[in-house]
Amino acid sequence: MRAWHFSETAYPYLPPSDSYPSIRVSLPNRIYDPAKGAALYDRYIDEWLEAEAEGVEIMLNEHHQTATCVDPAAPLMLAALARLSKTARLLILGNPIANRRQPVRVAEEMAMIDVLSHGRLEAGFVRGVPYEILPANSNPVRMNERNWEALDLIIKAWTNHDGPVSHEGRFFHHRNINIWPRPIQQPHPPIWISTTSPGGAQQVGARGYIQATFLTGFDMTRTIYEAYRKGWREAGRGENVPIHRLAYAALIYVGDTEAKAHAGADKLLWYVNSNKVPPHFANPPGYVSVAQNVRLARGAHNVVSAFGTRQGTVEGAIAAGTMFAGTPDQVLAQIKKHYDHVGGYGQLLIMGQAGFLEHDDTVHGIRMFAREVYPRLKELYPDTAISGVNPQPAAARSA
Amino acid sequence: MTAKTIKIAGIDLELHDIGQGAPVLWLHGGQGFNPKHAFVDLIAAKRRLIVPSHPGFGSSGLPDWVDSVDDIAHVHLELLDKLDLRCLDVVGHSIGGWIAAEMATKSPERIRRLVMIGPVGVKVGSPDKLDIPDVFAMSQDDASKLLFHDPVKMKVDQTKLTDDELTIMFRNRETLALLVWEPWMHNPKLMRRLHRAAMPALFIRGASDGLVSDAYMSQYAKLLPNARTHTIPAAGHAPQLEQPEKLASAVLDFLEK
């Protein structure tokens, strides 16, 4: 089991939420005080470095036009971290390549960070959440198709070393691809993909990339992982899926006592509860399938736009499997329960800072996890472990 | 009154062919075409009304290569070939007007008279302001206020729609986004080509249209050598729905000249 400290570098100093219709896309940036923002960047970078000092890896992501994540150019932050950190793996999850006009430029940025960090990059790619569509002026229709073509183009750019090659695809055109630098890691840095759909996960499994899913709880995570394992097996990658191919992101806070832990965890819920987004930003046309829109119109829950009301409390979030919080023993038991339910994963993405969780409390949570929970997780779930719900012999499964 | 399917450019197109008389090609807007709307029979009482659902609308197919209004203009010109209609009247509403304008610049000789109802397709104003408000960046209620003179009366109760009707509604909306997203609601080249569309043209707009302003329509009409404008009171972006009689008589009067 490998653990990652994930911070969205939020800007929490906002007016009352009833004074604005959306925290994303349209919230005026006059609310953002650059001086306070600079102090926050300093602080969040310090927290990533504290995590590294405790043996935890570094993870960041990218969002646009939002107070929830003031990191609209994640490769820039990653470049800074590549120089400030020394040993941690550096995961960007990820590059929103369905919204980037030039995938080859993304390949260049990632190659540069891999070289700057002496081969510590873990390169993640995401289709992007729906509220990224308007900031990117990106067409929400056919994003998946763009996403996969962009990824193939990036891999082509990374792995070609013999002078210019070309690409004339459906969405992207390049006559002369020959990036400098090329990545240190060969044939390329590990590739991560996040998806919340079983169809997407099956494709990721077929390709063998690392699959991450965010706050999908018990049953949805199991469905996604099962789709990944199916894709993996059907592509002939072998019967056994190593747990390190699967990642889960949860809100995690470990404290000395349950009361202190829940107090910290309650502040982490800012991430969920402050995500005020109206439907027209959360579900642009084409982002989900027509069939899914029909189900939503008939009252189905929109996984993408709302994390669910029962998950807005510490108890509700723990019950839903979107949060692990408590004493070290409690958190270990919660993770174990979730791990067993979904079939197992080897990458734990810790959303360990949100909103008004102050620096000292954030660092305390990281240390408590790293010192009291992480060693036991590594012992319980070594990298050689295999992922699968109720594993059966191969003969029984194919029968 | 059943639709048939016709294969054009490899695409299965839903095609309505209603009434008798000199043919009129009706090019629907982003909401798609519903033959039950009152204006349909009003026009079909005098003319043969030919209405294709654009690729990706209604039950028409959407191949992966189609992603622009220009593509659809080519498809519909091929449809006219297939129907052996060398020259006819064309009426376009909203993006249907845009499609009609593209067709008129490509093959002006095939359009006898042209009617543009609340048309989009050109950019005439400042780069700092959208000519057409961004209906995808606002709530459905706010969009309805721009779309209709009487949004309360025109509100569709989704719970009363069948799954098939809902499916078509969401699919139409998705295809609309595919076509108009960028550049927003226009083809930058179109205004440089419209001088070729010299046939008599009538631009119509509902007085309460919150998408297509009076200034936009006037400037759009001036790009055509032989166009005039007409406003229908107590109607929004879809005067054929809110004032079917007034709209039908304005269209028929113009076409029968």
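Tabulated values for the structure
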item: Residue order, fewest to most beta carbons within 10 Å, for B:CYS87, A:CYS69; result: B:CYS87, A:CYS69
item: Given charges at Cβ of Lys, Arg, Asp, Glu: the range B:2-255 dipole, positive-most of B:PRO151, B:THR229, B:PRO52; result: B:THR229
item: Potential lengthening between A:ARG83 and A:ASN29 on full extension [0.36 nm per residue; Cα-Cα distance subtracted]; result: 16.5 nm
item: Residue list for the range A:190-207, given a label point 7 angstrom along the Cα-to-Cβ vector of A:ALA300 and an amide N cut-off under 19 Å; result: A:195-203
item: Karplus-derived 3J(HN,Hα), 6.51/-1.76/1.60, for each residue of the range B:238-247, Hz, glycine and proline x; result: 10, x, 5, 8, 8, 9, x, 5, 4, 5
item: Relative contact order %, the range B:2-255, counting alpha carbon pairs below 8 Å whose residues are six or more apart; result: 21 percent
item: Amide H within-cut-off set for A:GLY124, under 5 Å, with H built and near neighbours excluded; result: A:ILE92, A:ASN95, A:TRP192
item: Estimated 222 nm signal from helices in chain A, with DSSP H stretches of n ≥ 4 weighted -39500 (n - 2.57), rounded to 500; result: -12000 deg cm²/dmol
item: Reachable lysines from A:LYS336, criterion Cα separation under 28 angstrom, eight or more residues apart if same chain; result: A:LYS230, A:LYS260, A:LYS267, A:LYS378
item: Unit charges at the beta carbon, dipole of the protein assembly as shown: most positive-side option, B:ALA9, A:ALA227, A:GLY238; result: B:ALA9
item: Sequence-distant residues sharing a close amide H with B:VAL115 (under 5 Å, placed H); result: B:VAL90, B:VAL91, B:GLY92, B:LEU202
item: Selected from B:GLY29, B:SER126, B:GLY61, residue furthest toward positive end of dipole (the range B:1-132; charges at beta carbon); result: B:GLY29
item: Other protein chain Cβ atoms within 10 Å, averaged over every residue that makes up B:170-181; result: 6
item: Shape of the range B:2-255, Cα gyration tensor, a/c cut at 1.5; result: rounded
item: Coordinate range along principal axes, alpha carbons of the range A:177-333, Å, largest first; result: 52, 43, 37
item: Residue with peak Gaussian network fluctuation, chain B [Cα springs, cutoff 10 Å], from B:MET217, B:MET154, B:MET185; result: B:MET154
item: Cα coordinate range in the range A:331-372, projected on the principal axes (Å, largest first); result: 34, 21, 15
item: Likely footprinting exposure, A:THR257, A:THR216, fewest C-beta neighbours within 10 Å first; result: A:THR257, A:THR216
item: Per-pair calculated FRET efficiency, R0 = 56 Å: A:ALA39 and B:GLU245 via Cβ, rounded to 0.05; result: 0.25
item: Chain A: Cα Rg divided by the 2.2 N^0.38 Å rule of thumb; result: 0.95
item: CD proxy at 222 nm, helix term only [per DSSP H run n ≥ 4: -39500 (n - 2.57); per residue of chain B; nearest 500]; result: -10000 deg cm²/dmol
item: Shielding of A:286-297 by partner chains, average beta-carbon count, 10 Å; result: 5
item: Cα Rg, Dmax (largest Cα-Cα span) when computed across the range B:1-113, Å; result: 12.8, 38
item: Exposure proxy ranking, count of Cβ atoms within 10 Å, fewest first, for A:GLU226, A:GLU122, A:GLU258, B:GLU109; result: B:GLU109, A:GLU258, A:GLU226, A:GLU122
item: Highest-MSF residue in chain A out of A:LEU269, A:LEU357, A:LEU14 [GNM, Cα springs under 10 Å]; result: A:LEU14
item: Cα-based Lys proximity count in the range B:87-220, under 24 Å, for pairs eight or more positions apart or on separate chains; result: 9
item: Translational D in µm²/s for the range B:2-64 (Stokes-Einstein at 10 °C, 1.306 mPa s, Kirkwood Rh from C-alpha pairs); result: 132 µm²/s
item: Spin-label model distance (nm) - B:ASP141 vs A:ASN240, 7 Å beyond Cα toward Cβ; result: 5.8 nm
item: Sum of side-chain charges, A:VAL106 neighbourhood, beta-carbon under 13 Å (Lys, Arg +1; Asp, Glu -1); result: -1
item: Per-peptide average of other Cβ atoms within 10 Å, ordering B:116-126, A:95-105 highest first; result: B:116-126, A:95-105
item: Gap separating the Cα centres of the range B:1-68 and the range A:37-103, nearest whole Å; result: 51 Å
item: A:ILE386/B:LYS222 FRET efficiency (R0 60 Å; Cβ-Cβ; nearest 0.05); result: 0.25
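Readers should treat all values here as calculations from the given coordinates under stated rules, not as data from a laboratory. Everything numeric here is computed off the predicted structure, so don't read it as measured data. Because the Cβ atoms are built from the backbone with ideal geometry, glycine has one as well, and the counts that use them run over all protein chains shown.
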